[in-house]
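Please read the structure below before turning to the comments.
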Amino acid sequence: MIPTPPAAKLRLATVWLAGCSGCHMSFLDLDEFLFDLAEKVDVVFSPVGTDVKIYPENVDIALVEGAVANVDNLELALQLRQRTALVISFGDCAVTANVPGLRNLLDGGHDSARAVLERGYLELADATGQLPFAPGIVPELLPKVLPLHEVIPVDLYLPGCPPSAERIREAITPLLAGERPVQEGSAMLRFG
Amino acid sequence: MSVVTLTVNGQDVAVPAGASLLEATRAAEANVPTLCHLEGLTPVSACRLCLVEVEGSSKLLPACSTAAAEGMVVHTHTPRLREYRRMTVELIFAEGNHVCAVCVANTHCELQDMAVTVGMDHSRFPYQYPQRLVDATHPQFTLDHNRCILCTRCVRVCDEIEGAHVWDIGSRGGQCHIVAGLDEPWGQVQACTSCGKCVDVCPTGALFRNSDTTAEKQPNTTLPALLRTAREQRRWHNQ
């Protein structure tokens, strides 16, 4: 699955599903390494790097932040898997569902979407509370929040809340040379 | 003092008679991981992380509660054991509600450390999201069952060191949980001396001081061994 060292630049995507964007902030913390990265990759899809709205074809590497919590997340996850050689589960929300997954504790996990909406929009609301309903505009929540690898096959896991910039760099650098990073030890693996 | 000699990962070691296999593996610097074990407390083999292979035995044996015997040939890090250990840690994560990012024990958690030790980068088992309660009835401490891994360190330290025996395990199987007193709210258990030893030895964020918020818990796991040495050998740590 690891792309061979290319003559042309690698095509890199970063994706933001159900997460707080902290992993992307950590990605931006790469600071001057971003210049080195820009020499070796084309950022073809990213909430912090491009204004592209449609996930492109023939992506080499995708860093995917966030759990899969709504129908938009699910659709994008399935799409990016088809169009990407190497998918990285980027941060604890993608790896474990983490904080977005806490709503799975509601309603015995059967339909936590309904339970969390009722809690937020009805029980805690004043007299005018109402459930959001805008088909096609506001994506519907899935009954359960899932980690990325329960929806699509994942090639590499980068835990952390967020993964530090160093951890991201240590994972990306070997990939740019067509090698797999060594995912061992506290520097690369720690949750939280 | 009589001594038994055995082989750990091809290395000959000698330990005092009556020593555990865990002590023998440590004499060989084999770094067998443990979660429920704590120096100064009786071993219970609850976590199963210290399982080792002993030649001639068809079963894997918990090193903490198996006596070292003359001539044993022990293997501590075979591919099978490594795989089982990682699987065990994944199952511990999956069966509770462990969310490191928002846990009092973040950065000081033995379960979080253990995930690194066994190379767990994700859980292959779906998280179960069990419905568990939080007991915040004690004026100083809180018990969050969501983070409990049933290591029983709290049960043992309260019984064996403090002598109050506030804690026990209630129910069975997946319903197992720590109970205070006769399954009462912790704050109503008169036997509790509020010494805090259970909080100090808890490996995760299950027991914590009320003043601790995310990543603020500071465990003290050396206490039981210190107190036991002091009482039984009249020897304090700094003497």
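Throughout, read-outs are computed from the coordinates displayed, never taken from laboratory work. On a predicted model such as this, the values are computed, not experimentally measured, just so you know. Every residue, glycine among them, receives a Cβ derived from its backbone with ideal geometry; neighbour counts consider all protein chains shown.
When you work out D = kT/(6 pi eta Rh) for chain A at 20 °C and 1.002 mPa s, using the Kirkwood radius from C-alpha pairs as Rh and the Stokes-Einstein form, the result is 122 µm²/s. A convex hull fitted around the alpha carbon atoms of the range B:84-221 yields 109 Å³ per residue.
Backbone amide hydrogens, once placed in the peptide plane, bring B:Val52 within less than 5 Å of B:Leu61, B:Ala63, excluding anything fewer than 5 places away on its chain. Remark on A:Val15: its backbone amide H falls under 5 Å from those of A:Leu63, A:Val64, A:Glu65, a criterion applied only to residues 5 or more positions apart or on other chains, H modelled at 1.01 Å from N.
For each of B:Tyr84, A:Tyr55, A:Tyr157, A:Tyr121, count neighbouring Cβ atoms within 10 Å of the residue's Cβ, then give the residues from fewest to most. Can you show the working numbers first?
Details: B:Tyr84 16, A:Tyr55 19, A:Tyr157 23, A:Tyr121 13.
Ranked by crowding around the Cβ, least crowded first: A:Tyr121, B:Tyr84, A:Tyr55, A:Tyr157.
Packing, as the average of other Cβ atoms within 10 Å across residues, places the peptides A:173-185, B:28-40 in the order B:28-40, A:173-185, highest first.
Hey, got the average number of other protein chain Cβ atoms within 10 angstrom for residues in B:94-100?
4
Partner shielding of A:93-99 amounts to 4, given as the average count of beta-carbon atoms from other chains within 10 Å of each residue beta-carbon.
Across the range A:65-73, coupling constants 3J(HN,Hα) worked out from phi with the 6.51/-1.76/1.60 Karplus curve, θ = phi - 60°, read 8, x, 7, 9, 10, 9, 5, 5, 4 Hz, and Gly and Pro carry x.
When +1 charges are put on Lys and Arg Cβ atoms and -1 charges on Asp and Glu Cβ atoms, the dipole computed for chain B relative to its Cα centre reaches about 40 debye. Computed from backbone phi with θ = phi - 60° and the Karplus coefficients 6.51, -1.76 and 1.60, the 3J(HN,Hα) list for the range B:128-134 is 8, 6, x, 7, 10, 9, 10 Hz; x is used for glycine and proline.
Using only the Cα atoms of the protein assembly as shown, build the gyration tensor, take square roots of its eigenvalues as a ≥ b ≥ c, and label the shape rounded, prolate or oblate: rounded if a/c is under 1.5, else prolate if a/b is larger than b/c, else oblate. Present the calculation step by step, with values, prior to reporting the outcome.
Values: a/c = 2.42, a/b = 1.42, b/c = 1.71.
In terms of gyration-tensor shape, oblate.
To the nearest µm²/s, what D does Stokes-Einstein give for the range B:39-119 at 4 °C and 1.567 mPa s, using the Kirkwood radius over alpha carbon pairs as Rh? Intermediate results must be reported in sequence, preceding the final value.
Details: Rh = 14.4 Å.
It comes out at roughly 90 µm²/s.
What average number of partner chain Cβ atoms lie no more than 10 Å from the Cβ of the residues making up B:116-129?
Partner Cβ neighbours, averaged per residue: 6.
Given +1 on the Cβ of Lys and Arg, -1 on the Cβ of Asp and Glu, and no further charges, what dipole in debye does the protein assembly as shown carry about its Cα centre, rounded to the nearest 20?
Working: 34 positive and 50 negative charges, 148 e Å.
With Lys and Arg at +1 and Asp and Glu at -1, about 720 debye.
Take the Cα radius of gyration of the range B:3-77 and divide it by 2.2 N^0.38 Å, N being the number of residues; the result is 0.98.
Rounded to whole numbers, the Karplus 3J(HN,Hα) couplings from phi for the range B:68-76 are 5, 10, 4, x, 4, 10, 10, 10, 10 Hz, using 6.51 cos²θ - 1.76 cosθ + 1.60 with θ = phi - 60°, and x at Gly and Pro.
Applying both filters, DSSP loop and at most 15 other Cβ atoms within 10 Å, to the GluC sites (Glu not before Pro) of the range B:46-149 gives B:Glu55, B:Glu70.
Under 5 Å from the amide H of B:Ala215 lie the amide H atoms of B:Cys103, B:Val104, B:Ala105, B:Asn106, each residue being 5 or more positions distant or on a separate chain, with H modelled from the backbone and absent for Pro and chain starts.
Starting from the exponent 0.38 and prefactor 2.2 Å, build the expected Rg for chain B from its residue count and divide its actual Cα Rg by it. If you can, show how the numbers build up before the last one.
Details: Rg = 18.7 Å, N = 239, 2.2 N^0.38 = 17.6 Å.
Expressed relative to 2.2 N^0.38 Å, the Cα Rg reads 1.06.
Quick one: work out the % antiparallel among DSSP beta bridges in chain A, nearest 5. Before the final figure, lay out each step's value.
Values: 3 of 21 bridges.
That works out to approximately 15 percent antiparallel.
Both radii come from the Cα set of the range B:77-136: Rg as radius of gyration, Rh as Kirkwood radius; their ratio Rg/Rh reads 1.01.
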